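Below is one structure, written out as structure tokens; the observations come after it.
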Amino acid sequence: MERQELFKKLSALETEQINPNTLDIDITSIEETIRLINNEDKKVAFEIEKIIPEIALAVETIKNAFEVGGRLLYFGAGTSGRLGILDAAECPPTFGTSSEMVVGVIAGGKEAVFVAQEGAEDKPENGATDVEKYNVCEKDVVCGIAASGRTPYVIGALKKAKEIGCKTILISTVSKETAIDNGTITDIMICVPVGPEVIAGSTRMKSGTAQKMILNILTTASMVHIGKTYGNIMIDLKPTNIKLQERAKRIVMKLTGVEYNIAEKYLISTNWSIKHSLLMILGNISYEEAESLLKSSNGKVRLALGKIPQK
């Protein structure tokens, strides 16, 4: 793409425009500066509300992939890439997933998480190469995160993923029309046009907030619907430290009504499996019976409980 053509496309992006609400931000009081930022941030959730159907379709797609052993892989650059890595990193301690189930990939590699790697996002072939590096297959879902909807690295990753045959998702903070015009076409397009940033072009702000909110929704809703919670309580966390072990005891006590020592006893006997402990206590069954019920119920405790015959 010629530089002048690229200049025109970048200049037309919604996120690059001057925000009329913050023109005097540099001469306001500190408190007023904060209010200006906060007022802009308030708009993000309402924009996300408008595209709930698209997000729901993405969650359904991710859930289906998880249920057949597929993965969710995020590809992004800069702030977008870091947010994908953050969301992926938080899934194992929260939902007890393996580190391979949700994966975050950033242009420029691990170094780019901490220090900006200038130019790493400019080559679509780098995105395609990373898709191959992570052995993406047709069972997986590839989600590109790009505020502009045009990041070459992300476009390259999404294009390669489509060639492989897996489902693709785009998260951007420009309109769908802008993203398509910029060359991004995916199975599902989650576009949240947040408008001009508080500081023109600073997409770590409203755009970053929108992306973080959507990523939270994608993984949380997907995990809920594959049985990682009981009601709104997480029951598949891995108690890898003292704090999480105490949380596990509190969860078992809350959901079963047993005392601290009893909760601890069951958790230790099940190698700290909250799911097994719940079924054993609530259903008055053995570990082996709990294991069999969980397998036949796709890991969903409520469904497993319904299969326990009344004694």
Notebook entry, point to check: From the backbone phi of the range 150-163, what are the Karplus-calculated ³J(HN,Hα) couplings (6.51 cos²θ - 1.76 cosθ + 1.60, θ = phi - 60°) in whole Hz, Gly and Pro given as x?
Noted result: 9, 3, x, 4, 5, 4, x, 5, 5, 5, 5, 4, 5, 4
Check: Counting DSSP beta bridges with both partners in the chain, what percentage is antiparallel, nearest 5?
Finding: 10 percent
Margin query: What FRET efficiency comes out for GLN310 versus GLU67 if R0 is 30 angstrom and r is the Cβ-Cβ distance? Round to the nearest 0.05.
Written below: 0.55
Next item on the list: Beta carbons within 10 angstrom, averaged per residue: use that to sort the peptides 273-281, 213-221, highest first.
Entry: 273-281, 213-221
Checklist line | Dipole in debye (nearest 20) - the range 231-306, about Cα centre, beta carbon charges: Lys, Arg +1; Asp, Glu -1 | finding: 320 debye
Notebook entry, point to check: Among PHE114, ALA89, ASN19, whose Cα sits farthest toward the positive end of the charge dipole of the range 1-147 (+1 at Cβ of Lys/Arg, -1 at Cβ of Asp/Glu, about the Cα centre)?
Noted result: ALA89
Checklist line | Built amide H within the under 5 Å cut-off of GLY104, gap 5+ | finding: TYR74
Check: So how long is each side of the chain along the principal axes, counting just the alpha-carbon atoms, biggest first, in Å?
Finding: 75, 51, 35
Margin query: Give the residue list of trypsin sites (Lys or Arg not before Pro) in the range 33-142 that are DSSP loop and have at most 12 other beta-carbon atoms within 10 angstrom.
Written below: LYS50, LYS110
Next item on the list: Percent of Cα-Cα pairs per 5 Å bin, from 0 to the last occupied bin, for the range 231-306, please list those.
Entry: 3, 18, 31, 27, 16, 5, 0
Notebook entry, point to check: Once Lys and Arg get +1 and Asp and Glu get -1 on their Cβ, which of ALA290, LEU237, TYR266 lies farthest toward the positive end of the dipole of the range 231-306?
Noted result: LEU237
Next item on the list: Quick one: dipole size for the chain, taken about the Cα centre, charges +1 on Lys/Arg Cβ and -1 on Asp/Glu Cβ, in debye to the nearest 20.
Entry: 1260 debye
Notebook entry, point to check: Going by alpha carbons, how many degrees (0 to 90, nearest 10) lie between the helix axis of 52-67 and the longest principal axis of the chain?
Noted result: 50 degrees
Checklist line | 20 Å Cα-Cα reach of LYS50 towards aspartates and glutamates, excluding residues that sit fewer than 8 places from it in its own chain | finding: GLU14, GLU40, ASP41, GLU60, GLU177, ASP187, GLU197
Notebook entry, point to check: Are there GluC sites (Glu not before Pro) in the range 118-184 that DSSP puts in a loop and that have at most 15 other Cβ atoms within 10 Å, and which ones?
Noted result: GLU118, GLU138
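None of the figures in this text is laboratory data; all of them are computed from the coordinates on show. Keep in mind it's a predicted model, so treat the numbers as computed, not measured. Quick reminder, even Gly has a Cβ in these numbers, built from the backbone with ideal geometry, and neighbours come from all protein chains shown.
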